[in-house]
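Remarks on the structure that follows.
Coordinate-derived values only; no laboratory data. Source: prediction; values computed, not measured. So basically every Cβ, Gly included, is an ideal-geometry build from the backbone, and we count neighbours across all protein chains shown.
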Amino acid sequence: VQLQASGGGLVQAGGSLKLSCAASGSTFSSNDSDWYRQAPGKQREWVAGISSDGSTGYSDSVKGRFTISRDNAKNTVYLQMISLKPEDTAVYYCSTLYRGNRYWGQGTLVTVSS
């Protein structure tokens with residue numbers, strides 16, 4: 001299973017970005033998938049998840065601002081981020097659970113300037 005994350009960049013506070021995570025070797029629609037992030041000097045934290053049945057969940061810090069979604073035809077999971085804050089600055093990782101193993105993408109950097 002290979003995951004390719006993209007869409008990160010530099011954005012001003014209040015702006016928006018949409019991250020993408022394309023999968024190969026597995027079908028996203030059959031798996032639970034998540035976005036995590038790791039800020040400099042901090043531990044990796046869970047941000048949002050989407051289950052195989054389409055239900056979603058969010059950390060309190062992003063609830064109401066971030067939306068996770070999935071396009072089964074494109075085998076891609078997205079993270080739409082709005083109202084970005086400087087504290088959202090981090091490397092964002094997509095991840096999926098497949099046959100009991102967790103797989104990670106390479107990460108995409110999101111920098112939010114104040």
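Within the range 37-91, the trypsin sites (Lys or Arg not before Pro) that combine a DSSP coil assignment with at most 14 other C-beta atoms in a 10 angstrom radius are Lys42, Lys63, Lys74. With a cut-off of 18 Å on the backbone N, the residues of the range 69-107 near the modelled label site 7 Å out from Gln12 along Cα-Cβ are 82-89. For the range 10-114, the equivalent ellipsoid built from the Cα gyration tensor has semi-axes of 23, 14, 12 Å, listed from largest to smallest.
What percent antiparallel are the DSSP beta bridges of the chain, to the nearest 5? Of the beta bridges lying entirely in the chain, close to 90 percent run antiparallel.
Between the range 81-102 and the range 23-43, the alpha-carbon centres lie 6 Å apart. Using Cα-Cα distances under 8 Å and only pairs 6 or more residues apart, what relative contact order does the range 31-98 have, in percent? About 40 percent, as a whole number. Contact order for the chain, expressed relative to its length and based on alpha carbon pairs under 8 Å spaced 6+ residues apart, stands at 37 percent.
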